[in-house]
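Since the structure comes first, as structure tokens, the remarks are kept for the end.
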Amino acid sequence: MNRQALIKALIPQSVRDGDAYKVADATGLIKLDAMENPFVWPEALQHALGEQLARAALNRYPDPQATEVRQPLRDWMQIPESLEMLFGNGSDEIIALLISNCIATGRAVCAPDPSFVMFKVLANQYRVPFYGLPLDDAHDIDLDRWLAVIEDTRPGLIFVPQPNNPTGNLFETERLKRVVERTEALVVIDEAYTAFTDANYLNWAADAPNVVIMRTLSKVGLAGSRFGLLIGHPDWIDEFDKIRLPYNINALTQVAVRFALEHADVLESQSAAIRDERSRLSEALRVRQLVVWPSEANFVVMQTPPSQARVWFEKLKAHGVLVKCLDGTHPSLADTLRVTVGAPHETDALLNALDQFTAD
Ligand SMILES: *Cc1c(COP(=O)(O)O)cnc(C)c1O
């Protein structure tokens, strides 16, 4: 039997024609492309964590409920007793789990357009219809058009990152409220950037029948541990828990997350430093006559002169700084770069690079 013939028969054409998720090679570069926290832990804490990891029972399956991290998370995030939590191997896994549930109901998935790509990528992968919800000129909810799409397509699931990635802004609360009231979809408010904004919609999960909140530890310094959570009424969480893979949170992650939460002051002071650095970076770019979009996240979007985004991306890279070129990904993102807020010396490297090649 011929392997290529088998692959052709057994792997769908859409998969064969597609690509694996691509991550830019950042070897040797200052990494300002993926919204990671730039700070490492103080050495004493690294050693203390190492000792705890060394004692983890790797011969056993992990606790399927990750019991040890539940109360610390509840305390740190001030999650009321009336809400329950479901944990995922990053929010990516939770997004996949929620969307996979739409296969059987035949309902569509909606998310803002532009927004976090995984909503659409995973909907496509599961063959669940996906519809983008258009934004207005201020990157806010275009309410009439959202309601029209929602009425036409009757989605079962609407993802709303608050603030949005890659635009960085918060959607206006009143408009979001109207969307929640007018749809019979489950609205997943994705608070991936909760550490960098004062906005917080946890109480909506308690008050509205059709809202759950998704969060992640990826943006506060634990991207490598892959830990996300869904917070919602126990009736919702109980159902989704039935389709969660039983051992999705591995034993090392459970230890690392619990340890991190015991030292939540470190996470908080790092996030506060990133918020300060976001102001400094935005100001420094504006002083250089660049348009910078307001951001409630740990990244900023800057506009380059017309048709220069790709050129600037390459020049920054040549100067050792990796950012994300958004140009070409959506019409409203033409001539833009997304820069993750890094440590002060990384901001300085970015600014120096800009000054050098714009002076040429
Ligand atoms: C970064 C990001 C996530 C995080 O995904 P993880 O799988 O938890 O790392 C989720 N949603 C949005 C909108 C993001 O930008």
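The values are calculated or read from the model by the stated rules, or taken from the named source; none is laboratory data. This one's a predicted model, so the numbers in the text were calculated from it and none came from an experiment. We place every Cβ from the backbone using ideal geometry, glycine too, and count neighbours over all the protein chains shown. These accessible areas exclude ligands, DNA and RNA; they are computed on the full protein's heavy atoms, side chains included. Shrake-Rupley method; radii C 1.70, N 1.55, O 1.52, S 1.80 Å.
Put simply, of L98, L86, L73 the only residue that is within 21 Å of the chain's Cα centre (by Cα), over 27 Å from F130 (Cβ atoms), within 15 Å of the ligand (Cβ to nearest atom) and aliphatic (A, V, I, L, M) is L73. Residue selection: E68 satisfies the criterion of being in a helix (DSSP H, G or I) and either away from the ligand (no atom under 16 Å from the Cβ) or open to solvent by 50 Å² or more (accessible area, probe 1.4 Å) (or both). Please verify whether E174 is in a loop (DSSP other than H, G, I, E, B), open to solvent by 10 Å² or more (accessible area, probe 1.4 Å) and of a type in the set (D, E), treating the condition exactly as stated. In short, no. Could you go through segment 126-138 and let me know if any residue there is more than 16 Å from the ligand (Cβ to nearest atom) and touching a Leu at 6+ places or on another chain (Cβ under 9 Å). Checked against the condition, which is being more than 16 Å from the ligand (Cβ to nearest atom) and touching a Leu at 6+ places or on another chain (Cβ under 9 Å), segment 126-138 yields at least one hit. Residues in segment 230-239 that are more than 12 Å from the ligand (Cβ to nearest atom) and closer than 24 Å to K177 by Cα were compared, and the one that is surrounded by the fewest Cβ atoms within 10 Å (Cβ to Cβ) is D235. Residues of segment 297-315 that are crowded, with 19+ Cβ neighbours inside 10 Å and either within 22 Å of A195 (Cβ to Cβ) or among the hydrophobic types (A, V, I, L, M, F, W, C) (or both): A297, N298, F299, V300, V301, M302, A309, W312, F313.
Every residue, every condition in (1) under 30 Å from A205 (Cβ atoms); (2) within 16 Å of the ligand (Cβ to nearest atom); (3) of a type in the set (D, E), yes or no:
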{"site": "Q46", "(1), (2), (3)": "no, no, no"}
{"site": "R60", "(1), (2), (3)": "no, no, no"}
{"site": "I79", "(1), (2), (3)": "yes, no, no"}
{"site": "D92", "(1), (2), (3)": "yes, yes, yes"}
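Under the condition of being touching a Pro at 6+ places or on another chain (Cβ under 7 Å) and over 14 Å from P306 (Cβ atoms), the residues counted in segment 330-342 number 4.
For segment 117-163, enumerate the residues that are assigned to a strand (DSSP E or B) and in contact with a Phe, Trp or Tyr (Cβ under 6 Å, 6 or more places away or on another chain).
Those that are assigned to a strand (DSSP E or B) and in contact with a Phe, Trp or Tyr (Cβ under 6 Å, 6 or more places away or on another chain): L133, I141, F159, P161.
Matching residues to (1) surrounded by fewer than 19 Cβ atoms within 10 Å (Cβ to Cβ); (2) under 23 Å from F240 (Cα atoms); (3) without any contact (Cβ under 8 Å) to a residue 12 or more places away in the chain; (4) in contact with a strand residue (DSSP E or B) (Cβ under 8 Å, 6 or more places away or on another chain):
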| residue | (1), (2), (3), (4) |
| --- | --- |
| M85 | no, yes, no, yes |
| S91 | no, yes, no, yes |
| I95 | no, yes, no, yes |
| P114 | no, no, no, yes |
| R127 | yes, yes, no, no |
| L133 | no, no, no, yes |
| D137 | yes, no, yes, no |
| D144 | yes, no, yes, no |
| A148 | yes, no, yes, no |
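Residue check: L252 meets all listed conditions (1) more than 16 Å from the ligand (Cβ to nearest atom); (2) farther than 28 Å from Q46 by Cα; (3) of a type outside the set (F, W, Y); (4) open to solvent by 30 Å² or more (accessible area, probe 1.4 Å) but one, namely (2). With respect to (1) surrounded by fewer than 15 Cβ atoms within 10 Å (Cβ to Cβ); (2) in contact with a Gly (Cβ under 9 Å, 6 or more places away or on another chain), the lone exception for P80 is condition (2).
Might you check whether a residue that is open to solvent by 80 Å² or more (accessible area, probe 1.4 Å), hydroxyl-bearing (S, T, Y) and in a loop (DSSP other than H, G, I, E, B) occurs anywhere in segment 27-48? Yes, segment 27-48 has at least one match. Taking the criterion of being of a type in the set (D, E, K, R), under 19 Å from D335 (Cβ atoms) and in contact (Cβ under 8 Å) with a residue 40 or more places away in the chain, the only residue of segment 276-294 that qualifies is R288. Note down all Cβ pairs under 7 Å where the first residue falls in segment 262-275 and is within 15 Å of D198 (Cα to Cα) and touching a residue at least 24 places away in the same chain (Cβ under 8 Å), the second is of a type outside the set (D, E, K, R) and assigned to a helix (DSSP H, G or I), and they're at least six residues apart or on different chains. Short answer, once both residue conditions are applied: S271/A195; S271/F196; S271/V220; I274/F196; R275/F196. Checking each residue in segment 213-229 for being closer than 10 Å to M85 by Cα and either open to solvent by 30 Å² or more (accessible area, probe 1.4 Å) or away from the ligand (no atom under 11 Å from the Cβ) (or both) picks out only I213. Answer yes or no as to whether D265 is modelled with pLDDT of 95 or more and surrounded by fewer than 18 Cβ atoms within 10 Å (Cβ to Cβ). When the stated conditions are applied, D265 passes them.
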